[in-house]
Structures are given as structure tokens and as C-alpha cells.
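For reference, the structure is listed below as C-alpha cells.
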Number of protein chains: 2
Amino acid sequence: QLSLFAKKTGCEDIKFMGVPKTIDNDLVITDHTPGFGSAAKYIACAVKELIRDNKVNDMDIVTVVEIMGRDAGWLTGASALSRGDDCPGPDLIYLPEIAFDLEKVMEDIERCQKERRSVVVCISEGAITADGKYVCELSAGARSTDAFGHKQLTGTARALADIVHERLGCKVRAIEFSSLQRCAAHIASKTDNDEAFAVGEAAVNAAFVGHTGEMSIIKRVSDNPYESEIGICDVSLVANKAKGVPREWINEDGNYVTEEFINYVRPLIVGEMEQFYKDGMPEHIPYVGR
Amino acid sequence: QLSLFAKKTGCEDIKFMGVPKTIDNDLVITDHTPGFGSAAKYIACAVKELIRDNKVNDMDIVTVVEIMGRDAGWLTGASALSRGDDCPGPDLIYLPEIAFDLEKVMEDIERCQKERRSVVVCISEGAITADGKYVCELSAGARSTDAFGHKQLTGTARALADIVHERLGCKVRAIEFSSLQRCAAHIASKTDNDEAFAVGEAAVNAAFVGHTGEMSIIKRVSDNPYESEIGICDVSLVANKAKGVPREWINEDGNYVTEEFINYVRPLIVGEMEQFYKDGMPEHIPYVGR
């Protein structure tokens, strides 16, 4: 809109370039978005530590972890990257792309409980039933709207944990990663960081040579070894569209992601940034203003 | 009790030694406890990142962060270590050692709101009023007991945020660090890790030379440069006692910790562990069993 307006008003010398940026990874055309890899790395790391914490404490407990992504399950699915030789990964993963069926979910959890003492369930804040109810609206105690009448999404983990406790009688814990998943710079992905600089640089360079109304994008050249390159596309191809997790990257039962999903996300979390610590704390750039 | 029982039943060759371990840092005699330094480092780091997140998003918002420590405010106070040249630190800190006065707290928050756009309040899960009510019992919507009739402490941040929203009409966010603060091994303190090994080693060595009914402790030799040594004390001096934050390490207003508090905690968070990453994830020791 800005580039069209510039053309229309004789300001063609002002160039407008888009740069992708969202931890939600829900943009089309670009293979993935800067921010997603680092948030995915944080989520997988935190879920791995929570699984270990339950193991160490040796408790019978159902832990429900709420992860961001109102309309797309990319971040919630990334919890599966915790799985490896040293971690069984979460037991169940529920994304907004699959209609949330409370009865089936309770069966899933009950089955997992019979197999192991600690059951870890990762659920998207945007998980929603076939008839359009968010999970936080399924529990009696949950607040369903905020002061402005918007549906209040926080509370999904608490709501599901309450229902599990009521139905199955077991000890439960609700955990929300909240803002932590979008600001944990101390465990950023180097791949993500490098690509974030690259898309910014490409957009600036394109503007300098006369491009406008376009956006820089990341193209995946190969998975293993991972390689990407930066491209440019018309921004109208990207605006007002959203990219969810493809159905074939979610298992048939709708309660986990597939190996293809994991193979797609894995390279994006690889690599660690050199951290600068001072007196035990990660250093940030100067803080200016109120 | 075990060492006394061994003596009484002619099993004097079995030796019992205590090893301190709690993120809560509420044991007497020992200067501090293994686990505390790493949890404090995580908390200060996460609070610093949340403050930066609010700054970047440039919103008028009150963020209420709930931190562990039912009876002692050591962990909540550690949030102050986020403060430095690059971070203003939290605006208000409420510990269980100071009676929680809702009217005064609302005045504190309102005053901070006039000075800056983002106000960050760190509150202990155990914050309690003079007449024995937990903060989560002050909000109408809060559940006050769990299925076993125990007072339910989770929900302190949510309850306070709800009250702030209702009274001051501003945008609020409630964040619980939950189990994350006790299991974030990827940002452990090296000082803490080294001392944890040292107290364990000292206790084993003491048992081998005939000690029993005692506990290894950490003695602070100097603050700057920080130096500690391991000692031994009779375990009966430690059992069934709890060490809160001294009144003189909390400011007069009861809404922040003092420089002395910060100087005490600072050396305990210093130093980073070498991290081993594989395919983008921190490696853990093998996971055995269900």
C-alpha cells in the first residue's frame, strides 16, 4: 500500500521494502521467518529441561505446556525437537491446525499415563474445537474474554490441566512459556541470527537499486547440509495470507508432528551465538529512554 | 534421626552425612545452598529479557512476574540482579518477608506507571498479607485450594495482574517462571556448579573418616574477589529451621532489595558452564526408565 501510494503521489523516489520477521513462522512464500528458529530452539530446550525435571523428581504428574501461535502450530510442534537419545520428547502435541477434541485428548492422556509416570502435553494457545471454542473456554473456571471483549487466550494450559485433574484425578501442572519464548536471546539460534541479518541486508540493497513493494525471503537450497539463499518477491503475494503446518506433517492421530516436520525445523535451530556475560549476566545493547 | 537410630541399634559403622541442596536458599548456618546461584542466574536473565521485550514492543503495560519461594524471598530478590547499565531492572519486588499490603502495592504500581511505559513487578509465590492471606486469595476469580484442600499458590501473578487491570485499567501480563527456574541447566552458574560438587565431595570424605549426623556447608571467605570454603556442622543445627531475607536487606518501603542483598547474591551467579550442543540442542545425560 505504501509503495502504491508513493507511485500515485509522485514520490516514486521513496522505496518500500518488506523484511519478514515473526516467531510464528506463518508467512507464505518465504521458507521460514527470522525469529522462528530462535524461539523454536528456546521451546525445545525448555521442554527438554521440564521433561528432565519431572524425571528427576520421579512424580506421577501430567504437565501441560502452553506455547504461542494463535493460528499456526509451528512453535508448538517445535517442542518435538527436544526428543533424542537423551530425552523422550513430549508425549502429546496439539496444534491449532487440528480440531481439538476433548474426549479424544483425555483418552490420549490416560493412555500415556498408563505407560509412564510423567506425561508432558504441549498445546498451542490457539487450539480450538471443531465448533470454534478455544480450550480455555471449555473449563468452568476460565475467563473467556478480556476487558475489551476479545477472546482471552492465556489460560489454555491452566484450563486443560484443570480438566485433566478433574477427570483423571492426577497431579497436574500448567506451564505457560509466555513472552519468554520470544525474548530468550541468551539461547538464540545462530542460523536464525545470520539469516535475520541477511534478509535485512537484501531488502536494503534492493531498495538502493530501485526495488519497491517487494519483500526479501529465505529460500531453502538443501536440507542436509542445510543451505539457504535470499530472494525477493512481490509483497502482495505474502500480505494477508497465513501458512499453517501442512496436514501431512502432523500424524494421523492429530497428536504429534512427523519426522518431516522435525527435519524442516532442525536446521533452523542449529548453532549458538557467542554470548557476552558480565558479572554473571548476559550483556544487552544499551537501554535508552523510559 | 538416621544417625541416632544407627547408634542406638548397633549400626555405628553406617555413617549419615547431609548435603545441602535447595534453590530456595533458606537453610541456616551454610552461607547459601547449591542450586540457588543457578536459579538466581536464570531468574535475573529472564527478567532482563522480559524488560527488554517490553521496551522493544514499546507498550504501556504492567507485567507481573511470579517467582518461587514460598517462605523466603531469595529467588524473587534475585530478579534485581538484572539491573545494570543495560537494564533498569524490575520496578518493584515483593517478598514474603514483608506483609503484603494491597493498597500500598497499588500506589507503588500507579506511581511507577506515571514514570515509565513498562512497569515490571516481581512477586514471590508466597507473598502474604498481615492477616495471613495469600495474594491469590485476594482476587475474586482465583482458586484458593487444590483438590486436597491445600492452599493453591500458583496464580499469584495472575491474581495480582487481574487486580491491577481492574483498579488501574491498564494492559497487564502475568508470567510464572514455574518449574523453568529450577531446571534451566543451559544457563547454570559455574560458581554454583563447582560448589555443588565440593559440598558433595566433602560430605562423602567426612563419612569415610567416621563423621555422622553432620552436614557439609559453604562458608564465605570473601566477597570481592569471591572466595568460599567448605565446612562441616552438626545437622541438628540446620534441620527444621528456615532462613529468610534479613529485614535490613530489604528497602524501607518493603518493595525492593538493597545493594547488600545484590552484593551477597552477585558472586553466586558468576561464571558459565561449558555447554554441549548437538544438532542445536543442549545435551543431557542419558535418560533411563519410563
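The values are calculated or read from the model by the stated rules, or taken from the named source; none is laboratory data. Predicted model, so just to flag it, every value in this text is computed and none were measured. Note that each Cβ is placed from the backbone with ideal geometry, even for glycine, and that neighbours are counted across all protein chains shown. Keep in mind that these areas ignore ligands, DNA and RNA; they rest on the heavy atoms of the full protein, side chains included. Shrake-Rupley method; radii C 1.70, N 1.55, O 1.52, S 1.80 Å.
How shielded is A:272-281 by partner chains, expressed as the average number of their Cβ atoms within 10 Å of its Cβ atoms?
Numbers: counts 5, 0, 0, 3, 0, 7, 4, 6, 19, 13.
Whole-number average of other-chain Cβ neighbours for A:272-281 is 6.
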Antiparallel DSSP beta bridges within the protein assembly as shown, as percent of all bridges there, nearest 5: 50
- line: Rounded to the nearest 10 degrees, the helix A:102-115 long axis (Cα) sits at an angle to the longest Cα principal axis of chain A of 70
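What is the stretch A:186-290 by shape, rounded, prolate or oblate, if you read a ≥ b ≥ c off the alpha carbon gyration tensor as root eigenvalues and call it rounded for a/c under 1.5, prolate for a/b larger than b/c, and oblate otherwise? List each step's numbers first, then the result.
Working: a/c = 1.89, a/b = 1.11, b/c = 1.69.
Cα axes put the stretch A:186-290 in the oblate bin.
On a 1.4 Å probe surface of the protein chains, which of B:Ser228, A:Ser179 comes out largest in accessible area, and what is the full order? Before the final figure, lay out each step's value.
On the way: B:Ser228 40, A:Ser179 5 Å².
Ranked from most to least accessible, the order is B:Ser228, A:Ser179.
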task: Along Cα-to-Cβ, 7 Å out, sits the label point; list in nm, shortest first, how far the one on B:Asp60 is from those in the other copies.
output: 5.1
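Give the relative contact order (percent, whole number) for chain B; include only Cα pairs under 8 Å separated by 6+ residues. Before the final figure, lay out the partial values.
Working: 546 pairs, mean separation 74.7, N = 290.
After rounding, I find 26 percent.
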- prompt: Quick one: what Rg and Dmax do you get for chain B from the alpha carbons, in Å?
  reply: 21.0, 70
Paramagnetic label zone (point 7 Å from Cα along Cα-to-C-beta, B:Arg117; backbone N under 13 Å) in the stretch B:42-68: B:52-62
task: Determine the shielding of peptide A:173-179 by partner chains: average, over its residues, the number of Cβ atoms on other chains within 10 angstrom of each Cβ.
output: 6
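For B:Thr22 and B:Phe208, calculate 0.36 nm times their separation in residues minus their Cα-Cα distance, and state this gained length in nm to one decimal. Walk me through the numbers on the way to the answer.
On the way: separation 186, 0.36 × 186 = 66.96 nm, distance 2.45 nm.
Value of the extension gain: 64.5 nm.
When Cβ neighbours within 10 Å are restricted to other protein chains, what is their mean count per residue of peptide B:49-58? Working shown, then result.
Numbers: counts 9, 5, 3, 5, 7, 2, 5, 2, 3, 2.
Counting Cβ atoms of other protein chains within 10 Å of each residue's Cβ and averaging gives 4.
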On Cα atoms only, tilt of A:156-168 relative to the major axis of chain A in degrees: 20
- prompt: Just going by the charge dipole of chain B, with Lys and Arg at +1 and Asp and Glu at -1 on Cβ, which of B:Cys87, B:Val164, B:Tyr256 is farthest out on the positive end?
  reply: B:Val164
task: In whole angstrom, note down how far apart the Cα centers of the stretch A:227-290 and the stretch B:47-122 are.
output: 29
field: Listed residues B:Pro225, B:Pro246, B:Pro90, most fluctuating in chain B (Gaussian network, C-alpha, under 10 Å)
entry: B:Pro225
Value of [θ]222 nm, deg cm²/dmol, for chain B, DSSP H segments ≥ 4, -39500 (n - 2.57) each, nearest 500: -9500 deg cm²/dmol
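Of the listed peptides B:182-188, A:17-23, what is their order by residue-averaged count of other C-beta atoms within 10 Å, with the highest listed first? Intermediate values should be presented prior to the final figure.
Working: B:182-188: 22.1, A:17-23: 19.4.
Highest to lowest by the protection proxy: B:182-188, A:17-23.
Would you mind classifying the stretch A:83-140 by shape? Square roots of the alpha carbon gyration tensor eigenvalues, ordered a ≥ b ≥ c; an a/c under 1.5 is rounded, otherwise it is prolate if a/b is larger than b/c and oblate if not. Before the final figure, lay out each step's value.
Values: a/c = 2.66, a/b = 1.75, b/c = 1.52.
The shape class here is prolate.
Given +1 on the Cβ of Lys and Arg, -1 on the Cβ of Asp and Glu, and no further charges, what dipole in debye does chain A carry about its Cα centre, rounded to the nearest 20?
Details: 32 positive and 46 negative charges, 135 e Å.
Computed about the Cα centre, the dipole is about 660 debye.
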query: Between A:Asp253 and B:Glu110, how many nm apart are label points set 7 Å from Cα along the C-beta direction?
result: 5.4
statement: Put A:Val121, A:Val270 in order of accessible area, largest first, probe 1.4 Å, and you get A:Val270, A:Val121
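With a Förster radius of 30 Å, plug the Cβ-Cβ distance of A:Ala99 and A:Asp60 into 1/(1 + (r/R0)^6) and report the FRET value to the nearest 0.05.
Numbers: r = 30 Å, r/R0 = 0.98.
So, using R0 = 30 Å, E works out to roughly 0.50.
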Angle between chain A longest axis and helix A:36-57 axis [Cα atoms, degrees, rounded to 10]: 20
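Note down, for the protein assembly as shown, the three equivalent ellipsoid semi-axes (square root of 5 times each alpha carbon gyration tensor eigenvalue), biggest first, whole angstrom.
Square roots of five times the eigenvalues give 42, 28, 26 Å.
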query: Taking the C-alpha atoms of the stretch B:1-150, how large are the radius of gyration and the largest Cα-Cα span, Dmax, in Å?
result: 20.1, 70
task: For a label point 7 Å from the Cα of B:Asp131 along Cα→C-beta, name the residues of the stretch B:102-125 whose backbone N is under 16 Å from it.
output: B:102-104
- prompt: Given charges of +1 on the Cβ of Lys and Arg and -1 on the Cβ of Asp and Glu, with all other atoms neutral, how large is the dipole of the stretch B:143-290 about its Cα centre, in debye to the nearest 20?
  reply: 780
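In whole percent, what relative contact order does the stretch B:217-273 give with Cα contacts below 8 Å and a gap of six or more residues?
Numbers: 36 pairs, mean separation 13.2, N = 57.
In percent, rounded to a whole number, it is 23.
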Shape box of the stretch B:23-73 [Cα atoms, principal axes, largest first, Å]: 45, 19, 11
